[in-house]
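Quick notes on the structure that follows.
The values are calculated or read from the model by the stated rules, or taken from the named source; none is laboratory data. As the structure is a prediction and not an experimental result, all values here were calculated from the model. Neighbour counts are summed over all protein chains in view; Cβ atoms, including those assigned to glycine, are modelled from backbone coordinates with ideal geometry.
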Amino acid sequence: MAFRQQEALSLTKKTDQDFIFRSKLPDISIPNHLPLTEYVFQKFSGDGDGDSTTTCLIDSATGRTFTYADVQITLQRIAAGLHRLGIRHGDTVMLLLPNSPEFALSFLAVVHLGAVSTSANPLFTQTEIAKQAKASAAKMIITKSCYVHKLTNLRQLGVVIVCVDDKNDVVSLADGCVRFTDLTQADEAELPKPEISPEDTVSIPYSSGTTGLPKGVMISHKGLVTSIAQKVDGENPNLNFTRDDVIICFLPMFHTFTHSSLMLSAMRTGAAFLILPRFELNLVMKMVQKYKVTVVPMAPPVVLAFVKSPETEKYDLSSVRMMLSGSATLKKELEDAVRRKLPNAIFGQSYGMTEAGTVANSLAFAKHPFKTKSGSCGTVIRNAEMKVVDTITGASLPRNKSGEICIRGHQLMKGYLNDPEATARTIDKYGWLHTGDIGFVDDDDEIFIVDRLKELIKFKGYQVAPAELEALLIFHPYIEDAAVVAMKDEVADEVPVAFVVRSKGSQLTEDDIKNYVNKQVVHYKRIKMVFFVKAIPKSASGKLLRKVLRAKLHQELLVISSSDGVTGRIFTYADVQITLRRIAAGLHRLGIRHGDAVMLLFLTKGKSLRRQDDHHEAMDKLKSLQNVLIVCVDDDVPGTKVTVVPVAPPVVLTFVKFPETEKYDLRSVKQEAIYIIGCSFKRVDYALNYHDLCILTEAE
């Protein structure tokens with residue numbers, strides 16, 4: 001599609017059908033006919049003004065550095081080594097590596113050869129790795145020895161395994177694996193000149209898109225070159241990385257945001273890219289101080305840790321001139337808190353998706369910056385078009401009207417691998433990619449994301465597909481039906497929770513389900529909570545109504561179940577507020593004051609108290625603690641007669657479930673006191689009834 005040059009700083013074009021939003025920055029000429037590596041290192045060849053002796057990569061773990069000359073010759077040697085092992089144009093190579101220079105070099109070598117890269121989280125389970133490797137038809141996997149045990153089945157299918165040499169590895173090279181140094185020592189002169197078309201696929205990251213299971217996203221050389229150029233090319237680049245910058249990388253490099261948006265953009269501009277193996281706040285700040293880091297890309301959970309930590313005061317962070325948050329939207333309050341901590345650094349957000357590259361970027365990062373608002377994820381990227389559509393009618397919406405964000409341009413994916421139906425659902429016949437995100441464009445062309453239409457759950461920037469977890473749950477022999485939705489979490493942004501219908505007669509517990517799922521998936525896909533329901537809400541056509549389930553979590557109801565998950569009692573927020581005030585009044589009448597400790601000791605009959613004798617034994621233990629007030633919840637013990645045990649000032653004590661008391665000497669607390677709110681016990685005649693608290697008025 002053709003894009004015309006813009007002379008005005010801002011342009012909203014109203015066609016007969018659509019309101020079209022464009023960047024405040026003018027379009028530029030993009031050399032997207034070039035293969036990716038030729039474009040990225042264009043400044044270091046021919047008439048380019050780049051200095052090949054400057055630092056390109058820094059390995060924080062070992063102190064190794066690679067100049068731009070080192071990187072270019074090494075990637076050519078690795079490409080020659082890959083070719084010698086049988087990798088050809090169009091073949092797929094999986095990168096199963098942690099953050100390291102080897103990841104960067106391997107990615108560049110694969111695409112330089114004309115092959116296709118697909119990256120996976122090295123913490124994936126064997127099943128998850130095999131699923132992606134088979135779906136992408138990977139012929140080779142480059143990894144570390146410590147992950148080879150997850151690749152047994154793939155090796156048997158003929159997939160070549162290359163292991164990165166690491167002096168810190170305690171695992172020896174597995175039989176049949178190729179050493180990575182065998183690739184780096186290959187003769188680059190043996191590599192035939194690759195014949196690469198702009199439309200050739202360069203990378204296949206996996207994304208759940210707007211709905212469903214993870215799908216391979218086919219990104220072309222043309223698309224990736226365009227996406228990089230939209231950010232860092234031009235006289236006034238939208239993202240002003242320079243050759244003097246040191247850009248720190250602790251976000252996972254297997255994520256497309258990191259290796260495409262950050263690493264390749266850094267290399268295009270001649271900046272130094274400092275690689276950390278993982279995120280540890282003190283380590284990050286130590287490296288910022290040591291290497292005089294100027295650009296710090298972050299994800300919202302990292303921003304939260306940075307804002308809350310007092311450790312930031314111990315380090316010299318004055319070199320930081322830019323802090324960029326991406327992979328998930330950031331709340332205005334958190335953005336303001338960062339600015340207060342680093343008032344001299346530019347802070348802003350970037351918004352994008354695997355299928356569309358960068359969709360919007362803060363113009364605060366431009367070489368000639370614009371004034372921006374907190375909470376905005378930027379303005380639409382240059383050389384692209386955006387519109388906002390009504391989620392019901394599909395009609396194009398004007399400014400300040402919320403709808404689904406759609407984007408169009410050469411940076412978009414080619415489509416989903418072997419899934420034309422999913423591609424057609426995401427990119428319409430007019431070339432608009434429907435992001436599944438709900439937002440609006442304000443009067444100053446700034447974009448605000450307010451909700452998400454798509455089902456995807458984002459845990460600390462990681463993508464979690466509900467359909468993948470639902471498939472695991474439904475496969476369980478004692479689960480009739482299941483659904484997974486997102487629940488808001490302050491640290492992780494979102495966490496997956498499950499609604500489960502148990503099979504008739506099943507005694508399946510929440511812990512049983514968590515253990516079943518969690519041992520099969522990587523940590524960020526683990527189920528955090530389970531709610532047992534009688535049925536999963538569905539439409540007449542059988543479509544799962546996630547909106548109804550989300551309402552149970554985010555709107556007016558708290559579903560509170562007994563320990564065996566079957567009572568399904570419901571408390572509205574009004575019920576909860578009035579009841580807690582009444583209970584507080586009751587506790588106050590019994591002598592509980594500010595600073596006193598109250599123990600919650602709930603002994604479930606289904607686990608700890610299986611026999612009637614257990615109840616007596618439990619109460620005998622509690623009686624041994626003198627001067628203790630026991631408040632008893634009488635769930636199924638009608639007519640329980642209760643009295644009050646004398647009360648004395650309490651001490652702080654952390655107490656766990658009844659069986660654990662055998663492990664500790666509690667005799668020292670006999671002369672003190674503990675207030676205990678506990679479960680009911682049969683034939684108890686010396687405890688205060690819990691409901692005596694609930695009937696008090698909050699005015700007391």
Subset of the stretch 338-361 [touching a Lys or Arg at 6+ places or on another chain (Cβ under 7 Å) and crowded, with 24+ Cβ neighbours inside 10 Å]: Phe347, Thr358, Asn361
Qualifying residue in the stretch 160-172 (condition: among the β-branched types (Val, Ile, Thr) and in contact with a Cys (Cβ under 6 Å, 6 or more places away or on another chain)): yes
Among (1) crowded, with 20+ Cβ neighbours inside 10 Å; (2) modelled with pLDDT of 95 or more; (3) of a type in the set (D, E, K, R) - the single one Glu199 does not satisfy: (1)
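Residue by residue through the stretch 260-310, note down the ones that are among the charged types (D, E, K, R) and farther than 14 Å from Leu342 by Cα.
So in the stretch 260-310, the residues among the charged types (D, E, K, R) come out as 268, 278, 280, 286, 290, 292, 308.
Within the stretch 260-310, Arg268, Arg278, Glu280, Lys286, Lys290, Lys292 meet the criteria.
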Identity of the residue in the stretch 571-603, of a type outside the set (A, V, I, L, M), part of a helix (DSSP H, G or I) and out of contact with any helix residue (DSSP H, G or I) (no Cβ under 7 Å at 6 or more places or on another chain), that ends up modelled with the lowest pLDDT: Tyr573
Positions within the stretch 55-80 being in contact with a Cys (Cβ under 6 Å, 6 or more places away or on another chain) and more than 13 Å from Phe44 (Cα to Cα), in sequence order: Phe66
Output for the stretch 364-373, where each listed residue is closer than 19 Å to Thr294 by Cβ and of a type in the set (A, V, I, L, M, F, W, C): Ala364, Phe365, Ala366
Conditions (1) at pLDDT 95 or above; (2) out of contact with any strand residue (DSSP E or B) (no Cβ under 8 Å at 6 or more places or on another chain): number failed by Gly212: (1)
Residue satisfying all of: in the stretch 414-469; among the small types (Gly, Ala, Ser) and under 15 Å from Lys215 (Cα atoms); surrounded by the most Cβ atoms within 10 Å (Cβ to Cβ) among these: Ala465
Strands (runs of 3 or more DSSP E) within the stretch 403-498 that include 1 or more residues modelled with pLDDT of 85 or more, in contact with a Ser or Thr (Cβ under 7 Å, 6 or more places away or on another chain) and among the aromatic types (Phe, Trp, Tyr): 433-441, 447-452
Residue that is surrounded by 13 or more Cβ atoms within 10 Å (Cβ to Cβ), under 29 Å from the mean Cα position of the chain (by Cα) and modelled with pLDDT of 90 or more, where the choices are Val559, Val548, Val517, Val533: Val517
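Could you list all residues from the stretch 378-402 that are basic (Lys, Arg) and either assigned to a strand (DSSP E or B) or surrounded by fewer than 19 Cβ atoms within 10 Å (Cβ to Cβ) (or both)?
So the first thing to find is which residues in the stretch 378-402 are basic (Lys, Arg), and the list is 382, 387, 399, 401.
Within the stretch 378-402, Lys387, Arg399, Lys401 meet the criteria.
Please state which one of Ser207, Ser227 is of a type outside the set (Val, Ile, Thr), touching a Gly at 6+ places or on another chain (Cβ under 6 Å) and in contact (Cβ under 8 Å) with a residue 40 or more places away in the chain.
Working: Ser207 fails: touching a Gly at 6+ places or on another chain (Cβ under 6 Å).
Answer to the selection: Ser227.
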Conditions (1) surrounded by fewer than 20 Cβ atoms within 10 Å (Cβ to Cβ); (2) in contact with a Ser or Thr (Cβ under 6 Å, 6 or more places away or on another chain): number failed by Phe107: (1)
Any pair with Cβ under 7 angstrom, 6 or more apart, that starts in the stretch 588-608 at a residue that is under 30 Å from Asp512 (Cβ atoms) and ends at one that is at pLDDT below 75 and basic (Lys, Arg): Leu603/Lys657; Ser608/Lys657
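Quick one: which residue in Ile78, Ile28, Ile87, Ile20 is out of contact with any Phe, Trp or Tyr (no Cβ under 9 Å at 6 or more places or on another chain), under 19 Å from Leu183 (Cβ atoms), modelled with pLDDT of 95 or more and of a type in the set (A, V, I, L, M)? Quick ask: steps written out before the conclusion?
Numbers: Ile78 fails: out of contact with any Phe, Trp or Tyr (no Cβ under 9 Å at 6 or more places or on another chain); Ile28 fails: under 19 Å from Leu183 (Cβ atoms); Ile20 fails: under 19 Å from Leu183 (Cβ atoms).
Just a single option satisfies the conditions, and that option is Ile87.
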Filtered residue count, the stretch 24-55, keeping only those that are crowded, with 18+ Cβ neighbours inside 10 Å and polar (S, T, N, Q): 4
